[in-house]
Amino acid sequence: MIPENPDVVHTVAFYLLFLSFVPAIIATSSSRQGSQNQDAKAVLYDSQPDLREIVFVIQSQSNSFHVSRAERQRADLLQQTQSLTQTPPPVLLLHSLTDNEGDWSILPVLPYLSLLFGKNSSWLVFLEEETNVKVTKLLQALRKFDRRKEWFLGKPLHDEESTIIHHYAFAENPSIFKYPDFSAAWALSIPLLDRLANKVRDDPLKSDFTIDLKHEYLPMLLQVALYIWENGQGPRLTAVPELCTEPEHSPTAQHCATTLSSPAPLCGEPVKKEDIFVAVKTCKKFHTERVPVVKKTWEREASLLEYYSDHTDPSIPTIDLGVPNTERGHCGKTFAILERYVGDAVPKTRWLLVVDDDTLISLPRLQMLLSCYDPSEPVCLGERYGYGLGQGGYSYITGGGGMVFSRTAVVRLLASDCKCYSNDAPDDMVLGMCLNALGLPVTHSSLFHQARPEDYSRDFLAHQVPISFHKHWNIDPIAVFNRWLKDELGSTSPHGLNKSTKEEL
């Protein structure tokens, strides 16, 4: 759908009008065999890099903090292009392109991008908000690839072992398939973009096109790569050494076209622990198995915390909300927690954190992250998944990694007619449907994790200061907490990853 936002329309119209006068540049280098050649030689296919043929897409979000970050990133890109005395390229904010909720998952927005830029551009470069770009070095890197062919470029990630969150893809040899680390930036040549756009148009994404639906689907990084690969019919990811995730000022980043900002945002004083109410969902059968882990690890960092169960146990203590335990879903329990939070039974706070009893979380790191968000806005924060994104579906915060709500968001949710259709409905998905119906955004942070550390690529976690992980299956949860989430005593630095974690990586 073409957006009604006049700023977006005018920006796009300007670039299309200008680019329509740019003659096609015909590469004079010798032809290469096959568009999927993964051993690209360092051949310069253009004598002069042309910024006008690159479209930058910042993978932005609609929350005010993220819009501000994306706008600063766009300003920096445009300032660099001015210093190169070239006409500035299009720099787009993903969240503002169309009205489609699923654009963040990339595939649904490809036809739109192909329609606008398929005729007059050569490369589509995707950036995350924390990605720093050295435009000159990026242009030099792109010049190594024949833009007339299909290219899928990025910094490759791979799984060390078969993992449930990736649906056991390539189970026999999971390291063989590479998918891009979005933080390093990644790129599509326009011939590949156009073919993928035609595929999406001609064979629309199924109504159940989903990012990570309760371990049965694939994370966006891998799903995009699999869709492009198309069971061997399309190109695999080609590694570009200049696309990096090193810190911006690291001495090892001299060759890099992209680097990363601080891995843990801090926008002022961390939110006080007294401003976060923590709700832990549990049940009787886990009172002696999981609750003790919470008490031995992160409970001590909470000022206000309650355990909600189907059984009252004064020794913990737990609170019985009158909702029977269910094997899955827990929607009834979660909505009862929301009602209790806005009532008089608990102290009034600006933030609510809802976690499972097998969630491992760093509350000090969460306090730092929340310093970037305005609690007067309806903030719903965590690891974002999506359901039915190809055909007007919705996004939601997965419960296992922790769901963070501003009081404003909870009040808006409960004031609506949105309810659980059953006590065992999936609470996170029902909340996502409610938020979508209210037009309230779901805000993603890659620092929350639905699974265990070993379920993620080591390189993906290497540039993070994680806030949470989930599940105790086949691990020592206390050891995992100490390694990944326990900071040095008194450390409030965004780089406060403890020593054992750094050695492990």
(message) List the trypsin sites (Lys or Arg not before Pro) within segment 84-163 that DSSP assigns to loop and that have no more than 12 neighbouring Cβ atoms inside 10 Å.
(response) none
(request) Bin width 5 Å, alpha-carbon pairs only: give the P(r) of segment 343-492 as whole percents, running from 0 to the bin holding the largest distance. (result) 2, 9, 17, 20, 20, 16, 10, 5, 2, 0
(request) Quote the FRET efficiency, to the nearest 0.05, computed for Leu115 versus Ser64 with a Förster distance R0 of 41 Å and r equal to the Cβ-Cβ distance. (result) 0.90
(message) Can you give me the convex hull volume of the Cα atoms of segment 414-454, divided per residue and expressed in Å³?
(response) 93
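With N set to the residue count of segment 69-153, report its C-alpha Rg divided by 2.2 N^0.38 Å to two decimal places.
Values: Rg = 13.7 Å, N = 85, 2.2 N^0.38 = 11.9 Å.
Relative to the rule-of-thumb radius for its length, segment 69-153 sits at 1.15.
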(request) Quick one: grab Rg to one decimal and Dmax as a whole number for segment 335-380, Cα atoms only, in Å. (result) 12.1, 30
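Give the accessible surface of segment 324-483 per residue, rounded to a whole number of Å², with probe radius 1.4 Å and ligands, DNA and RNA excluded.
On a per-residue basis, 34 Å².
Please identify the trypsin sites (Lys or Arg not before Pro) of segment 304-387 that satisfy two criteria: DSSP loop assignment and at most 12 other Cβ atoms within 10 Å. Which are they?
Numbers: sites: Arg328, Lys333, Arg340, Lys348, Arg350, Arg365, Arg384; in loops: Arg328, Lys348, Arg350.
Loop-located and lightly packed - Arg328, Lys348.
Any idea of the accessible area per residue across segment 242-285, 1.4 Å probe, to the nearest Å²? Mind dumping the intermediate values first?
Numbers: 2110 Å² over 44 residues.
Heavy-atom accessible area per residue stands at 48 Å².
Calculate what fraction, in whole %, of the accessible area of segment 288-361 sits on carbon and sulfur atoms when a 1.4 Å probe is rolled over the protein chains. Spell out each step's value before the answer.
Values: 1510 of 3340 Å².
Percent of accessible area from carbon and sulfur atoms in segment 288-361: 45.
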(request) Mind running the shape call on segment 52-107? Use the C-alpha gyration tensor, a ≥ b ≥ c as the square roots of the eigenvalues: rounded below 1.5 for a/c, prolate if a/b tops b/c, oblate otherwise. (result) oblate
(request) Could I have the simple spin-label model distance between Asn231 and Ala479, label points 7 Å from Cα toward Cβ, reported in nm to one decimal? (result) 4.2
(request) For segment 296-385, run through the chymotrypsin sites (Phe, Trp or Tyr not before Pro) and keep only the ones in DSSP coil with at most 16 other Cβ atoms within 10 Å of their Cβ. (result) none
(request) Just grab the label-to-label distance for Glu454 and Ser315, each label 7 Å out from Cα along the Cβ direction, in nm (one decimal). (result) 3.0
(request) On the protein heavy atoms, probe 1.4 angstrom, tell me the percent of accessible surface of segment 398-485 carried by carbon and sulfur. (result) 52
(request) Using only the alpha carbons, work out the radius of gyration and Dmax of segment 276-426 in angstrom. (result) 15.2, 49
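The values are calculated or read from the model by the stated rules, or taken from the named source; none is laboratory data. From a predicted model like this one, the values you see are computed outputs, not experimental measurements. Neighbour counts run over all protein chains shown; Cβ positions are idealised from the backbone, glycine included. Quick note on the areas: whole protein, heavy atoms, side chains included, nothing else; ligands and nucleic acids left out. Shrake-Rupley method; radii C 1.70, N 1.55, O 1.52, S 1.80 Å.
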